Structure formats: C-alpha cells, structure tokens
Amino acid sequence: MSELPIIQKTYDLIRWYVPILNRLPRNHKFTLGDRITTGLYDILEGLILARYATEKLSRLEQLNSKLDILRYQTRLLFDFDLISANRYEYAGKSINDIGGDLGGWIKQQRHKSKAISPSS
C-alpha cells in the first residue's frame, strides 16, 4: 500500500520541526515545545490509524482540531520570538498543506457517509 501524501507531509514536518523545538530555551522547550512535539506525533499517529479505520470521519475531525491547535502553538513560538519569520512561514505553509489534504479527506468521507446512509 503506497503512502498517503498527508502522512508523508506530516512525517516531513516532524523531521523538520522537532530538531528546532529541541533547541528552544529551557523555559519553553519543556512546555510549548513538548506540547507541539506531542501534538505532531498525535497527528501522525491519528492519520495512520484513520487510514485503516472503517469509521474514518470522527477520527479525521478530531485531527482537524489538533491541527488548529498546532497552528496557534506555532504562532505563539513566533510571537515569543522563538522562531524566525522564515521558519514560521515554512511551518505555517506545511500545516496549511496538511490541513488542505485533511479537509479534502474529511469532505470525501462526509460524501461517502451520505451516499451510504438511507434517505429520510
């Protein structure tokens, strides 16, 4: 089974982001840095689990919320001057790309569930 692009994009974001988070000052590394890292791993794990789940929609919608939290946490890093504008831009673009893929997957699952459910 080939890799889903959203899973690869999330994996690539983790590979890029975690080393940056590991270099945060101590007072941010163990709070915001750890939360972002955990969130990234949760999103990757959730995408992989959703890929094999029969009921995908609720899982994907939860991941959408986690992705939104990640957006705000990344913005906090930037607002606290912990990452450069270039890194903030790259992270934002990557998160938005993942969000676009996730939104498309959610839309597809909603369409599928409407097609399967009996009409009222």
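Nothing in this text is a laboratory measurement; each read-out follows from the coordinates by a stated rule. All values reported here derive from a predicted model rather than from experimental measurement. Every residue, glycine among them, receives a Cβ derived from its backbone with ideal geometry; neighbour counts consider all protein chains shown.
Some points to look at:
- Counted charge near Arg35, where neighbours are those whose Cβ lies closer than 12 Å (Asp, Glu -1; Lys, Arg +1): 0
- The stretch 1-53 shape via C-alpha gyration tensor axes, a/c threshold 1.5: oblate
- Those lysines that a straight Cα-Cα span of less than 20 Å connects to Lys29, excepting residues fewer than 8 apart in one chain: Lys66
- For the chain, the C-alpha radius of gyration sits at 1.18 times the compact-globule guess of 2.2 N^0.38 Å, with N the residue count.
- Within the same chain, lysines fewer than 8 places from Lys114 are excluded, and of the rest, those with a Cα less than 18 Å from its Cα are Lys56.
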